[in-house]
Amino acid sequence: MRLTAGGAALLACSVLADSAIEHYRGSFHNPAMVAPLVASSVNIAMGVVQAAGGRLPRPVSLGGGGAAIAVGAAGFGFHAFNIMRRPGAISFSNFFYGAPVGAPAGLILSGSLAIMASAASGAILRDFGQGRAIASVAALGLGGAVAEAGLLHFRGAYHNPAMWLPIILPPLGALSLAWDTVKGYGSRRSIRLLLGTALLGLIGSGFHALGVVRNMGGWRNRRQNLLAGPPLPAPPSFTGLAVAGLGALKMVGRRSNG
């Protein structure tokens with residue numbers, strides 16, 4: 001449960017930083033742009049409490065996680081509307097430079113994992129299978145993160161061979177996690193792949209930081225380069241989802257061992 005809660009908090013941190021930067025770039029012209037910052041902050045607090053071994057009242061976990069899911073769903077609608085009203089509507093150009101359609105999904109995933117972590121601590125999901133439910137969400141989330149990374153790295157023409165890593169390693173981890181979920185046990189293969197994916201998320205932020213530095217002015221011109229360069233907070237979403245997946249494997253293994 002603690003690993004899952006920690007993963008949800010890490011994912012919420014990524015969402016908070018990413019939405020803050022992107023919505024600042026949009027000058028917060030829509031008051032609703034503040035909502036994901038509030039919802040993700042609440043999810044971070046919830047995740048930290050649970051990761052530290054604390055337990056939240058069910059109304060608090062359902063309220064905080066449910067609010068994150070609702071805000072994420074609304075954000076998906078806003079972003080999709082932004083894409084559709086641009087000239088050309090559904091096109092690579094609009095997916096490259098319009099509001100990122102997949103970004104609000106991170107908030108939905110974070111809210112879902114937060115609720116599941118709280119439920120697992122109280123054995124609410126026992127009949128459904130705590131580990132299997134969380135593993136399914138983590139694997140699905142990794143698949144979505146891979147799709148977004150693939151799209152944006154395609155925009156960058158994969159000019160650095162390392163840009164292929166988030167297109168190769170996380171899908172292997174997601175598939176292995178899904179397979180273990182079906183079989184009902186946690187394998188060492190999945191643990192290694194998820195640990196690699198978690199590390200890759202942190203390394204990815206380092207690569208993105210180098211991308212920011214290479215722009216004119218480097219960190220001295222950070223107000224512009226952080227907005228125009230590769231998104232620093234995006235890669236750690238892989239870390240959060242992988243950590244949540246590791247927590248799920250721990251529960252799956254414990255259940256299968258009786």
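Each value in this text was obtained by applying a stated rule to the coordinates, not by laboratory testing. Remember, predicted model here, so these are calculated numbers, not experimental data. We place every Cβ from the backbone using ideal geometry, glycine too, and count neighbours over all the protein chains shown.
If you take the charge dipole of the chain about its Cα centre, with +1 on Lys and Arg Cβ and -1 on Asp and Glu Cβ, which of Thr239, Gly184, Tyr24 is farthest toward its positive end? Farthest towards the positive pole: Gly184.
Between Ala157 and Ala209, the distance separating the two model label sites (each 7 Å from Cα on the Cα→Cβ line) works out to 2.7 nm. All C-alpha pair distances within the stretch 46-109, sorted into 10 Å bins from zero, spread as 22, 34, 22, 15, 7, 0 percent across the bins. Against the chain, whose longest principal axis is taken from its Cα atoms, helix 103-121 shows a tilt of about 20°.
Fully extending the segment from Phe92 to Ile168, taken as 0.36 nm per residue of separation minus the present Cα-Cα distance, adds 25.2 nm.
Taking all Cα-Cα distances within the stretch 1-109, those exceeding 21 Å account for 38%.
Divide, for the chain, the radius of gyration over alpha carbons by 2.2 N^0.38 Å, where N is the residue count. Numbers along the way, then the final one.
Details: Rg = 18.1 Å, N = 258, 2.2 N^0.38 = 18.1 Å.
Rg over 2.2 N^0.38 Å, computed on Cα atoms: 1.00.
Overall shape of the stretch 131-239 was characterised from the C-alpha gyration tensor. The equivalent ellipsoid obtained from it has semi-axes of 31, 12, 11 Å, in decreasing order.
For the chain, what is the relative contact order in percent, using Cα pairs closer than 8 Å and at least 6 residues apart in sequence?
Working: 409 pairs, mean separation 71.5, N = 258.
So the answer I get is 28 percent.
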